[in-house]
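*Asks:* Just passing along the structure, written as structure tokens.
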Amino acid sequence: MTRHVGIVGVSAQGAALCYTTICVEGAALLGRHAHPEVTMHTLSLADYMGPIDAGDWRAVGELLLRSVAKLQATGVDLLICPDNTVHPAIDLVLDRSPLPWLHIAQEVAAVAAERRFKRVLVLGTRYLMESAVYPAKFAPRGIECEIPPPEDRERINALTFDELVYGQFKPSTRSYFESVIADGQRRGCDAVVLGCTEFPLLIGDADSPLPTLDSTRILARAALREAVR
């Protein structure tokens with residue numbers, strides 16, 4: 001028996017990538033065409049954006065708990081959210097969750113430590129890059145976090161919400177991300193966290209000047225690990 005994985009989705013592209021990874025890579029652990037039972041619930045991204053823009057993380061947490069309640073009713077055993085941006089809210093509602101969570105930054109930090117990275121560039125939405133989500137999980141492992149300068153943070157944020165969440169992955173945007181990562185490399189970073197779940201659909205190791213830490217797939221693989229434990 002495997003455990004039933006619940007996905008709390010926020011933006012569609014990243015949630016879909018996480019779901020697909022669990023289903024496709026499950027076969028390597030469970031046999032041909034096999035994967036754990038997976039249920040996903042997604043409120044409208046528009047519902048989240050108001051409180052996110054206002055910095056009202058408790059309101060974001062309440063939205064997440066609405067999804068949790070629906071997932072619990074389906075018999076889910078464990079929860080993941082492949083949306084880095086809302087993780088400050090997850091931290092606020094963990095004690096009210098009836099089900100256990102895997103934390104995306106904690107799972108990425110574990111992989112970064114295993115690969116012996118020491119200083120990572122964190123890319124994501126502006127809300128994520130300017131939060132403590134990754135530093136709080138990386139610092140105990142002795143890993144430093146860097147983020148791009150303010151003008152790049154704003155542009156990355158705009159591209160995320162104007163293009164990537166709509167499934168638009170333009171060569172010009174990929175080139176821009178490559179330049180931001182190259183700048184991080186010049187500042188001494190030895191890896192880059194793709195800390196928005198859409199980013200792995202835009203850029204990967206083949207394009208990046210630095211080794212990538214794909215937060216979406218790392219979380220999906222952690223869910224698989226826990227589902228078959």
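The values are calculated or read from the model by the stated rules, or taken from the named source; none is laboratory data. Please read these numbers as outputs of a predicted model, since none were measured by experiment. As a convention, Cβ positions derive from the backbone with ideal geometry for all residues, glycine included, and neighbour counts pool all protein chains shown. Remember, those area values only see protein heavy atoms, side chains included, never the ligands or the DNA or RNA. Shrake-Rupley method; radii C 1.70, N 1.55, O 1.52, S 1.80 Å.
*Asks:* When you look at residue 68, is it crowded, with 20+ Cβ neighbours inside 10 Å and over 22 Å from residue 154 (Cα atoms), yes or no? Don't jump to the end; show me each part of the working.
*Replies:* Details: crowded, with 20+ Cβ neighbours inside 10 Å: yes; over 22 Å from residue 154 (Cα atoms): yes.
Yes, satisfied.
*Asks:* Only one of (1) open to solvent by 20 Å² or more (accessible area, probe 1.4 Å); (2) within 16 Å of residue 124 (Cβ to Cβ) fails for residue 205. Which number is that?
*Replies:* Only one criterion in (1) open to solvent by 20 Å² or more (accessible area, probe 1.4 Å); (2) within 16 Å of residue 124 (Cβ to Cβ) is unmet by residue 205, namely (2).
*Asks:* List the number of the failed condition for residue 189; all other conditions in (1) part of a helix (DSSP H, G or I); (2) in contact (Cβ under 8 Å) with a residue 24 or more places away in the chain hold.
*Replies:* So residue 189 meets the others, but not (1).
*Asks:* Just name the residue that is farthest from residue 107 (Cα to Cα) out of those in the range 134-160 that are in a helix (DSSP H, G or I), open to solvent by less than 10 Å² (accessible area, probe 1.4 Å) and not polar (S, T, N, Q). Spell out how you get there, then give the answer.
*Replies:* We begin by selecting, within the range 134-160, every residue in a helix (DSSP H, G or I); these are 134-141, 150-160.
Next, only the ones that are open to solvent by less than 10 Å² (accessible area, probe 1.4 Å) stay: 134, 138, 156, 160.
Retained after the next criterion (residues that are not polar (S, T, N, Q)): 134, 138, 156.
Numbers: 134: 10, 138: 10, 156: 23 Å.
Here the answer is 156.
*Asks:* Which residue pairs have Cβ atoms closer than 7 Å, lie 6 or more positions apart in sequence or on different chains, and pair a first residue in the range 113-141 that is free of Cβ contacts under 8 Å to residues at least 60 places away in the same chain with a second residue that is assigned to a loop (DSSP other than H, G, I, E, B) and among the aliphatic types (A, V, I, L, M)?
*Replies:* Going by the 7 Å Cβ cut-off, the qualifying pairs are 113/143.
*Asks:* Given the condition open to solvent by 70 Å² or more (accessible area, probe 1.4 Å), assigned to a helix (DSSP H, G or I) and of a type in the set (A, V, I, L, M, F, W, C), answer yes or no: does some residue in the range 43-58 qualify?
*Replies:* yes
*Asks:* For the range 189-197, state whether one or more residues are hydroxyl-bearing (Ser, Thr, Tyr), more than 16 Å from residue 82 (Cβ to Cβ) and either touching a helix residue (DSSP H, G or I) at 6+ places or on another chain (Cβ under 9 Å) or buried (at least 20 other Cβ atoms within 10 Å of the Cβ) (or both). Break it down stepwise before answering.
*Replies:* Keep residues of the range 189-197 that are hydroxyl-bearing (Ser, Thr, Tyr), which gives 197.
If we keep only those that are more than 16 Å from residue 82 (Cβ to Cβ) as well, we get none.
Checking the range 189-197: not a single residue is hydroxyl-bearing (Ser, Thr, Tyr), more than 16 Å from residue 82 (Cβ to Cβ) and either touching a helix residue (DSSP H, G or I) at 6+ places or on another chain (Cβ under 9 Å) or buried (at least 20 other Cβ atoms within 10 Å of the Cβ) (or both).
*Asks:* Which residues, counting only those in the range 1-41, are surrounded by fewer than 17 Cβ atoms within 10 Å (Cβ to Cβ) and within 17 Å of the chain's Cα centre (by Cα)?
*Replies:* Hits for the range 1-41 are 12, 20.
*Asks:* So, one more: Restricting the range 78-129 to residues that are open to solvent by 60 Å² or more (accessible area, probe 1.4 Å) and part of a loop (DSSP other than H, G, I, E, B), which is nearest to residue 202 (Cα to Cα)? Explain how you work it out, then say what you get.
*Replies:* Looking only at the range 78-129, we keep the residues that are open to solvent by 60 Å² or more (accessible area, probe 1.4 Å), and these are 91-92, 94-96, 98, 100, 106, 114-116, 118-119, 126.
Retained after the next criterion (residues that are part of a loop (DSSP other than H, G, I, E, B)): 98, 100, 115-116, 118.
Details: 98: 35, 100: 31, 115: 23, 116: 25, 118: 25 Å.
Among those residues, the one meeting the criterion is 115.
*Asks:* Under 7 Å by Cβ, and 6 or more places apart or on different chains, what pairs join a residue from the range 160-183 that is touching a residue at least 60 places away in the same chain (Cβ under 8 Å) with one that is open to solvent by less than 50 Å² (accessible area, probe 1.4 Å) and of a type in the set (Ser, Thr, Tyr)?
*Replies:* 165/11; 181/208
*Asks:* Looking at residue 108, is it β-branched (Val, Ile, Thr) and over 24 Å from residue 21 (Cβ atoms)? Give the steps one after another, and end with the answer.
*Replies:* On the way: β-branched (Val, Ile, Thr): yes; over 24 Å from residue 21 (Cβ atoms): no.
Against the criterion (β-branched (Val, Ile, Thr) and over 24 Å from residue 21 (Cβ atoms)), residue 108 does not qualify.
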